[in-house]
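The values are calculated or read from the model by the stated rules, or taken from the named source; none is laboratory data. Since the structure is predicted, the reported quantities are computational estimates derived from the model, not experimental observations. So basically every Cβ, Gly included, is an ideal-geometry build from the backbone, and we count neighbours across all protein chains shown.
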Amino acid sequence: MTYPRIVIFNDTHGWHSEQLVSALAKLSIEALCVDLADCAIDLDQPSGLSIPGFEDQLPVAAIVRGIAPGSLEQITLRMDVLHTLTELNVPVFNPASAIEHTVDKARTSLRLHLAELSTPRTWACENKTKATKIVKQQLSLGRTLVIKPLFGCQGKGIEKISSLADFKAIDAVGDAFYLQHYIEPFKQGEWQDWRILVIDGQVCAAMSRQSQHWITNFAQGGSCLPTTVTPEMEQLAIDATQAVQADYAGVDLIRTCDGSYTVLEVNSVPAWKGLYQATNIDVAGHLAQALASRINTVSTNQSKSDHAV
């Protein structure tokens, strides 16, 4: 019996890929692990794409778990593969458009702002004089700022700016200045935020991240704990996922001093090991079900098209 075959894209396949392969196998779906960097544009192929392991037929679906760092040209080629798969009616989870909306934090901030969702005040520019002016102005208003790499993750490279000296001591990554208001903790001295995983418009799992430091990421030593989410948090996470046009996303929320919630980040290739350890929720199983649903939809539509002909 021939099983449908999908591709899992990542540059380093480990625990997450193993979880997905196992979950998909339970649904009689075979998954191959491939690095997008190993794919190519090949116009000798009917599809124009060359994907290792799929020489005779395209995958019936794809899930993107990671894209390796690279030059602008390399990243462009990898996104070309994802865009083309979508154009060939292969479900891509998440599609290139969602990744483009989230891999760049400034783009995410813009999407959230234009969707009128709560997110910290943000400035992004590549002019140091302009950035210095913004910092001086905000400091004069008594505000603390945070500077983040545009393409950073896991809390790496984030610095807090409490004085002009702090700012001058920082070398902005890529000479791009992405500045945000620092959100003071709801309870003084207790740093906490929430990671909410949304799949197909529904909250799948949620955890609270707590730390003795203002950076709460799991990768930076934060503790991951099971939590409940309020209707406000749930709706904000769902709306943020829709704003970046993602099929699934990890949405980071923080509680402000007035008790409301605001969106810190939206991750379109979220890890879920911390979530699994905190909640024991089978995230890979939920993702596998979502992929199976898409495969069935494409198969049904193709069957209808064939009958119509």
### Query
What is the number of the single condition among (1) in contact with a strand residue (DSSP E or B) (Cβ under 8 Å, 6 or more places away or on another chain); (2) outside the structural domain of PHE151 (by TED's automatic domain parsing) that GLN202 does not meet?
(1)
### Task
Test SER208 against the stated conditions and say whether it is modelled with pLDDT under 95, more than 20 Å from GLY157 (Cα to Cα) and surrounded by fewer than 23 Cβ atoms within 10 Å (Cβ to Cβ).
yes
### Task
State the number of residues belonging to segment 185-204 that are surrounded by 15 or more Cβ atoms within 10 Å (Cβ to Cβ) and on the phi < 0 side of the Ramachandran plot.
13
### Query
Would a scan of segment 162-169 turn up a residue that is within 25 Å of ASN267 (Cα to Cα) and either surrounded by fewer than 17 Cβ atoms within 10 Å (Cβ to Cβ) or free of Cβ contacts under 8 Å to residues at least 12 places away in the same chain (or both)?
no
### Message
All but one of (1) in a loop (DSSP other than H, G, I, E, B); (2) in contact with a Leu (Cβ under 7 Å, 6 or more places away or on another chain) hold for ARG195; state the number of the condition that does not hold.
### Response
(1)
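Rundown of residues vs (1) touching a strand residue (DSSP E or B) at 6+ places or on another chain (Cβ under 9 Å); (2) over 30 Å from ASP239 (Cα atoms), yes/no style:
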| position | (1), (2) |
| --- | --- |
| LYS105 | yes, no |
| LEU114 | no, no |
| ASN127 | yes, yes |
| SER140 | no, yes |
| PRO149 | yes, no |
| GLY157 | yes, no |
| LYS160 | yes, no |
| ALA176 | yes, no |
### Query
What single numbered condition from (1) within 20 Å of the chain's Cα centre (by Cα); (2) modelled with pLDDT under 95; (3) surrounded by fewer than 22 Cβ atoms within 10 Å (Cβ to Cβ); (4) within 19 Å of GLY201 (Cβ to Cβ) fails to hold for ASN296?
(1)
### Message
in the same structural domain as GLY48 (by TED's automatic domain parsing), at pLDDT below 95, out of contact with any Cys (no Cβ under 6 Å at 6 or more places or on another chain) and assigned to a helix (DSSP H, G or I): is that true of ILE75 in this structure?
### Response
yes
### Task
Just give me the residues in segment 230-253 being over 28 Å from LEU145 (Cβ atoms), touching a strand residue (DSSP E or B) at 6+ places or on another chain (Cβ under 7 Å) and part of a loop (DSSP other than H, G, I, E, B), in sequence order.
ASP247
#### Entry: segment 31-71, subset among the small types (Gly, Ala, Ser) and part of a loop (DSSP other than H, G, I, E, B), residue farthest from ALA290 (Cα to Cα)
SER71
